[in-house]
Amino acid sequence: MNRLTGKVSSMEELLQLIKSTPEIMENVTEWRTLPPREAKYSDFPANLRPELRAALEEKGITRLYTHQAAAFEAIASGRHVVTVTPTASGKTMTYNLPVIQQLLEDDSSRALYLFPTKALAQDQVAELQETVNRMGVDLKTHTYDGDTPPTVRAAIRNAGHIVVTNPDMLHSAILPHHTKWVKLFENLKFIVIDELHSYRGVFGSHVANVIRRLKRICRFYGSNPQFICASATIANPKEHAEKLIGEQVALIDNNGAPSGEKHFIFYNPPVVNQQLGIRKSSVLETRRLAGLLLKQGIQTIVFARSRVRVEILLTYLQDLIKNELGPKSIRGYRGGYLPKQRREIERGLRSGEIRGVVSTNALELGIDIGQLQACVLNGFPGTIARTWQQAGRAGRRNETAITFLVASSNPLDQYVIQNPEYFFARTPEQARIHPDNLLILLDHVKCAAYELPFQAGESFGEERLEDLLEFLVEERVLHQNNGRYYWMEQSFPANNISLRSAAQENIIIIDMSNGHKVIGEVDRFSAQTLVHEEAIYIHEGVQYQVEKLDYEEKKAYVREVDVDYYTDANLAVELKVLHADKERECGGTGYSAHYGEVTVNARATIFKKIKLRTHENIGSGPIHLPEEELHTSSYWIQFPDELGGMKTANDLQFALLGLSNVLIHIAPLYLMCDPLDIRVVPQVKAVQSKLPTIFFYDRYPGGVGLSEKLYDLHEELLQEARRVISGCGCLSGCPACVGPIEEVGLMGKSLALELLNRMVGAYERRA
Amino acid sequence: MNGGLRERLGRLTKSGNAVPRPVEPVEEQQHEEPEAEAWAKLGFTLRVGPGGACFVRDAHFEPAHRHGLFSVRELAAVGDTLQRLDPTGRSVEPEKLLFLDTETTGLGQGAGNVPFLIGVGWWTAGGFTVRQYVIRHPGEEAAMLAMLAELLPQFTHLVTYNGRTFDWPLVKNRFVMHRLTMPKDPLHFDFLYPSRALWRTTMPSCRLGAVEEAKLGVIREEDVPGSLAPALYFQYLAERDVTVLGGVFQHNERDILTLLSLAIHFGRLLQGGAELSELSPAELLRLALWYERLGFAQEAESVMSELASRPVNEAVIEHGEAAQYYKRHKRWAEAVRLWRALAEYASGRRLVSLEPYIELSMAYEHRLKDLDEALYWAEEALRSAELRLSLSRAGGDGKLREQLEDIRKRKARLMRKNRREQLD
């Protein structure tokens, strides 16, 4: 300990300090120490070009990690490759080496790199350029994105050896203008896709289609490029890569990179009300732990699950350490900040000027912020894969790193924190995409037809292409002639198709406190609950009140305010079954599981004002916004009409609600998805069947396969729900299981459990 | 599952009717005859080339044919002056100019934008010919392109309006789309550029339609605007009735004739054929600057002197520019005369430009070596700048402050210099 500053002088001292603080230790439910890993090396491949070898040696690299060498070999043998390694394991070398090797051998070769964001692409070019410069060869590496000045675009198209871009740019600028990229497409040898795991869900489904289009254009120009993919740890890297690129791949997972000792600490906030099962706020506990680390001078990253959480925590932390550090040394980071602001924060983190950052999952990708010393997770990030990835942000090579997982009272968190083996022993989740979602597929068939006429007999995706083409002919989008389908429309289809969001139009947020200034944006679906009139919108720790939401013009006008509450909106949902594709009945018991298509109508109804720090409800107001309609896929559980034990409709309602609460919280464990991607609606009397029903639906038009997966897991889900409820220590319902008693009533827990017991019992008897 | 695919598509896309619209069966055999007749009526014949067949129409215009102010034969007289528009200075033979304009199915340069009509025009001693290639469906595009590729080598220059960024790159895209050998880039006169140079400041728009009406005396009645062409073509594709395209063909033909007129107009301007007394100061300025840029020094000179002779109160901005022209050519007497007139005009007015004062001060100091005059104009500049600053909002604008600072420095330096000179 440094006597003058009172700060610890090493991570070891910090660990000691934590261990000798009873107020922390009494809430620690698990302390895992992951031993350091020794590096495993392989020699340079024999055929490695001497220039390349010299450049590496100059940088102090005299051999490769095992996974880097293995990737090199597999690529040399002509296979498509996916490499899976943890954060900071030198994975960029797995693709840069073979690509540069090829370019040195044949100067006319070309490579295309895809990163999910512009920021990552720019990082990558800087690093590549450095390597190339050290070799003193003339290899041109360029980013091609929305920021590329028009004057240099032509040069990049013709002469760039490595073009670094993102899927959105590929989709809307490169592919539709492929005739300008003849040089690239004729000579394309490699397509590099980094951060493969981030291409999942709706976004991934779109990207898989963009890649289908890319391959189609390559075939047209006679090239047949090799794919080199890199992914963070997920359960199904090979399967995911194969589905994304539509090719067989070789999996490289023999990670040879070293890492320092890691301490993973599970922290469960103390119960403050035994009867109600209410725990101390995870936000306040996160503040305490992160505050301790920051005060000790430890560079720390805090991950929170929502934008609002990020802003609240940022406010708290800036306040807490204002005497030790300036407000600029702790920053927020999330979607909705402008790019310039983000670059500044990234730089500050790398240089060490910024000592702490509170972020949403926006920073879990490979954006270069260097390695930090400690990580605090406010709430379980939703999936095991994500948790490892976020925790991977802490850990400098050969230095001890520490990660706190602070559980909230939601059931998923409580489940994880009370079952450490589940987290430490289980493989991380699968990344899932559904490229043949009909709407997504149709969008990309249009784009593909624009790029190149379809020929009869061609295939694109798993659905019958012919039917899609005929449909588009009827819609007078395509013109069919002599077995070919031509784009015949004035519009430019890629313009109307966004890869990122169901709601294509974003609503921009304009601060009117001092002139007019755009401070951020939200998608339309989120706008209903985030920027309705009177909402408190928090941006970089500053509160703004929404004065006017112009839904037509897609603008929200806000003004800076200073109030001691935030707002939280309710969404009312109606649901109608259109068509059932699959159903399984439990032999005459009346319980059944279904999968099919539904229409969902959602409308924000009221908002609540919630006091900061105490989180009490201090008021509410109505929201007047038009209804949003969604056609999507759904999985639903139907119950028999006569349910003994449920004396009243109220009882039944509480039982269904309690059960829904549990199920929706454990569902994301089985689906590697954002918890917001899947929604639940319990109904005592479903509109059509008049039977008690719990509906789950994908929050994306047409569905992205989440509900279908849940349908397959039906029995397992029920078992798990029963285990969670009966294993929970509360008396009659708490936020960690069926929900608080204010929501599900005094009998909610026992009613839900009884309903489950009957149903599971019925299944067991049948089996 | 597949039986339901249509239904699902209908529902998801809200296309209004989930039941597929019946597509009228196109009975090729029955359509073939009346269709050919309709094309023939519009003057088209089916021509077979190396890449297949498409419809072609040649329209011939006698040398005496008038399009607006000019008759087509006048092109013959301007060839050698048009040459000056070409930075490479290659000689221009009127017979080697290929006028080109396309009609397309959409906007932009994307791979899905198809030219369904390529119109070209050329001059021979016998008159002017407009040839239009039209495709009945995208499958005929390759045939059309192959015919164009055959024609192109006979010409040295393309003449277009916005063809440098639109028509020509688009045509080249199409060659790539069909993996055809790309024609060599001809030299290219894109008349949008000189039109902008000449008329940007005096016309609300430099669209071809606006230019032909204002400058070439071309009045079109019953014209189908180019923006409707895609929709009409789609209608033709759906209904196979070529008469709906009649207006588009005519529009394209007229555009090509207008290109020809524009070539004559520019050619005559380059021969000094403009009636200067009829031009406004703004038009004179643009014309003089255009001459200057193309290296027509003498023509530029005479237009500038016409401009300088106009009353200053009608041409404040233009005289400032004219003075800059004389400055570039180190014609100090003319430049100073204009600046003095501007300064005189400005006296007693508020918020005038500081430029004449500063220019005068510099010219007298460095060129005419008259320090007293230089100092006088520096003081005038300072006075005017201070007045201006006092009128601008509190805080003022930073640029003005900077300027003011520069003028102060200039004045101080002139005073030092002046003193030294008096001491010598």
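The values are calculated or read from the model by the stated rules, or taken from the named source; none is laboratory data. Just so it is clear, the structure is predicted and the values come from calculations on it, not from any experiment. Quick reminder, even Gly has a Cβ in these numbers, built from the backbone with ideal geometry, and neighbours come from all protein chains shown.
Please go through the stretch B:257-276 and give me each residue that is surrounded by fewer than 18 Cβ atoms within 10 Å (Cβ to Cβ) and modelled with pLDDT of 85 or more, ordered by number. If the condition is that a residue be surrounded by fewer than 18 Cβ atoms within 10 Å (Cβ to Cβ) and modelled with pLDDT of 85 or more, then B:ARG268, B:LEU276 are the ones that fit. For the stretch B:146-175, a residue qualifies if it is under 27 Å from B:LEU42 (Cα atoms) and either of a type in the set (Phe, Trp, Tyr) or within 13 Å of chain A (Cβ to nearest Cβ) (or both), and the qualifying residues are B:TYR161, B:TRP168, B:LEU170, B:VAL171, B:ARG174.
Just wondering, is there one or more residues in the stretch A:73-86 that are within 30 Å of A:LYS19 (Cα to Cα) and in the same structural domain as A:PHE185 (by TED's automatic domain parsing)? Talk me through it step by step, then tell me what you get.
Within the stretch A:73-86, the subset within 30 Å of A:LYS19 (Cα to Cα) is A:86.
Subset that is in the same structural domain as A:PHE185 (by TED's automatic domain parsing): A:86.
Within the stretch A:73-86 (the criterion being within 30 Å of A:LYS19 (Cα to Cα) and in the same structural domain as A:PHE185 (by TED's automatic domain parsing)), the answer is yes, since at least one residue qualifies.
Residues being over 30 Å from B:THR165 (Cβ atoms) and assigned to a loop (DSSP other than H, G, I, E, B) are represented in the stretch A:138-158 by at least one member. All of B:THR129, B:THR124 fail the test of being touching a His at 6+ places or on another chain (Cβ under 6 Å) and either more than 12 Å from every other protein chain (Cβ to nearest Cβ) or not aliphatic (A, V, I, L, M) (or both), apart from B:THR129.
Out of all the residues in the stretch A:514-526, is one or more assigned to a strand (DSSP E or B), at pLDDT 85 or above and touching a strand residue (DSSP E or B) at 6+ places or on another chain (Cβ under 7 Å)? No, there is no match, as no residue in the stretch A:514-526 is assigned to a strand (DSSP E or B), at pLDDT 85 or above and touching a strand residue (DSSP E or B) at 6+ places or on another chain (Cβ under 7 Å).
Does the stretch A:110-117 contain at least one residue that is part of a helix (DSSP H, G or I) and either crowded, with 16+ Cβ neighbours inside 10 Å or modelled with pLDDT of 95 or more (or both)? Reasoning before the result, please.
We begin by selecting, within the stretch A:110-117, every residue part of a helix (DSSP H, G or I); these are none.
No: zero hits.
Go over the candidates A:THR148, A:THR165 one by one and state the one that is more than 11 Å from every other protein chain (Cβ to nearest Cβ) and closer than 27 Å to A:VAL81 by Cβ.
Just one listed residue meets the conditions, A:THR165.
Going residue by residue through the stretch B:219-228, is there one that turns out to be within 14 Å of chain A (Cβ to nearest Cβ), touching a helix residue (DSSP H, G or I) at 6+ places or on another chain (Cβ under 7 Å) and at pLDDT 90 or above? No - not one qualifying residue is present in the stretch B:219-228. The residues on offer are A:THR151, A:THR131, A:THR143, A:THR179, and the sole one that is within 17 Å of A:LEU114 (Cβ to Cβ) and assigned by TED's automatic domain parsing to the domain that holds A:GLN101 is A:THR143. Kindly establish whether A:GLU629 is assigned to a strand (DSSP E or B), surrounded by fewer than 17 Cβ atoms within 10 Å (Cβ to Cβ) and touching a strand residue (DSSP E or B) at 6+ places or on another chain (Cβ under 6 Å). So A:GLU629 fits the description; yes.
Here's the yes/no breakdown for (1) at pLDDT 85 or above; (2) crowded, with 16+ Cβ neighbours inside 10 Å; (3) in contact with a Phe, Trp or Tyr (Cβ under 8 Å, 6 or more places away or on another chain); (4) outside any helix (DSSP H, G or I):
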position	(1), (2), (3), (4)
B:LEU360	yes, yes, yes, no
B:ALA363	yes, yes, yes, no
B:LEU375	yes, yes, no, no
B:SER390	no, no, no, no
B:ARG393	no, no, no, yes
B:GLY396	no, no, no, yes
B:ARG410	yes, yes, no, no
B:ARG413	yes, no, no, no
B:ARG419	no, no, no, no
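Give the stretch A:463-506 a look and list any residue that's within 22 Å of A:TYR199 (Cβ to Cβ) and either modelled with pLDDT of 95 or more or within 7 Å of another protein chain (Cβ to nearest Cβ) (or both), or say none. Once the filter is applied, which keeps residues that are within 22 Å of A:TYR199 (Cβ to Cβ) and either modelled with pLDDT of 95 or more or within 7 Å of another protein chain (Cβ to nearest Cβ) (or both), the stretch A:463-506 yields only A:GLU463. Before we move on, is A:ASP168 in the same structural domain as A:LEU112 (by TED's automatic domain parsing), charged (D, E, K, R) and at pLDDT below 90? No: the conditions fail for A:ASP168. Does the stretch B:134-151 contain at least one residue that is crowded, with 20+ Cβ neighbours inside 10 Å and farther than 27 Å from B:SER227 by Cα? Checking the stretch B:134-151: not a single residue is crowded, with 20+ Cβ neighbours inside 10 Å and farther than 27 Å from B:SER227 by Cα.
What are the residues in the stretch A:376-412 that are assigned to a strand (DSSP E or B), under 20 Å from the mean Cα position of the chain (by Cα) and of a type in the set (Gly, Ala, Ser), if any? Result: A:ALA394, single match. When restricted to residues that are closer than 23 Å to A:GLY761 by Cβ and crowded, with 21+ Cβ neighbours inside 10 Å, the stretch A:696-717 contains 4. Against the list (1) modelled with pLDDT of 90 or more; (2) over 24 Å from A:HIS197 (Cβ atoms), the condition A:LEU710 fails is (2). Out of everything in the stretch B:238-256 that is surrounded by fewer than 19 Cβ atoms within 10 Å (Cβ to Cβ) and under 23 Å from A:LEU478 (Cα atoms), what residue ends up being nearest to the other protein chains (Cβ to nearest Cβ)? Applying the filter and picking the extreme gives B:ALA238. Scanning the stretch A:603-610 finds one or more residues that are touching a residue at least 60 places away in the same chain (Cβ under 8 Å), in contact with a strand residue (DSSP E or B) (Cβ under 7 Å, 6 or more places away or on another chain), surrounded by fewer than 18 Cβ atoms within 10 Å (Cβ to Cβ) and closer than 30 Å to A:GLY201 by Cβ.
Are any of the residues in the stretch A:423-435 facing another protein chain (nearest Cβ under 10 Å), at pLDDT below 90 and in contact with a helix residue (DSSP H, G or I) (Cβ under 9 Å, 6 or more places away or on another chain)? No, the stretch A:423-435 has no match at all.
If we keep just the residues of the stretch A:257-290 that are assigned to a strand (DSSP E or B) and of a type in the set (A, V, I, L, M), which is modelled with the highest pLDDT? My answer is A:ILE265.
For residues that are of a type in the set (A, V, I, L, M), modelled with pLDDT of 90 or more and within 22 Å of the chain's Cα centre (by Cα), tally how many sit in the stretch A:350-375. Quick ask: steps written out before the conclusion?
If we filter the stretch A:350-375 for residues that are of a type in the set (A, V, I, L, M), which is where we start, we get A:354, A:357-358, A:362-363, A:365, A:367, A:369, A:372, A:374.
In the following step, the residues that additionally are modelled with pLDDT of 90 or more were identified as A:354, A:357-358, A:374.
In the following step, the residues that additionally are within 22 Å of the chain's Cα centre (by Cα) were identified as A:357-358, A:374.
Number of matching residues: 3.
In the set A:ALA655, A:ALA762, only one residue is more than 14 Å from every other protein chain (Cβ to nearest Cβ), small (Gly, Ala, Ser), under 32 Å from the mean Cα position of the chain (by Cα) and farther than 30 Å from A:ALA385 by Cβ; that residue is A:ALA655.
Where residues in the stretch A:448-459 are out of contact with any Lys or Arg (no Cβ under 6 Å at 6 or more places or on another chain) and under 17 Å from A:HIS206 (Cβ atoms), which of them is nearest to the other protein chains (Cβ to nearest Cβ)?
The initial filter retains those residues of the stretch A:448-459 that are out of contact with any Lys or Arg (no Cβ under 6 Å at 6 or more places or on another chain), namely A:449-452, A:454, A:456-459.
Then keep just the ones that are under 17 Å from A:HIS206 (Cβ atoms); that gives A:449-451.
Working: A:ALA449: 7, A:TYR450: 3, A:GLU451: 5 Å.
In this case the residue turns out to be A:TYR450.
The number of residues in the stretch A:55-78 being farther than 18 Å from A:GLU127 by Cβ and surrounded by fewer than 18 Cβ atoms within 10 Å (Cβ to Cβ) comes to 7. For the stretch B:186-225, filtering for residues that are assigned to a helix (DSSP H, G or I), surrounded by fewer than 16 Cβ atoms within 10 Å (Cβ to Cβ) and touching an Asp or Glu at 6+ places or on another chain (Cβ under 7 Å) leaves 0. A residue that is closer than 28 Å to A:GLU353 by Cβ, surrounded by fewer than 23 Cβ atoms within 10 Å (Cβ to Cβ) and more than 14 Å from chain B (Cβ to nearest Cβ) occurs nowhere in the stretch A:407-419.
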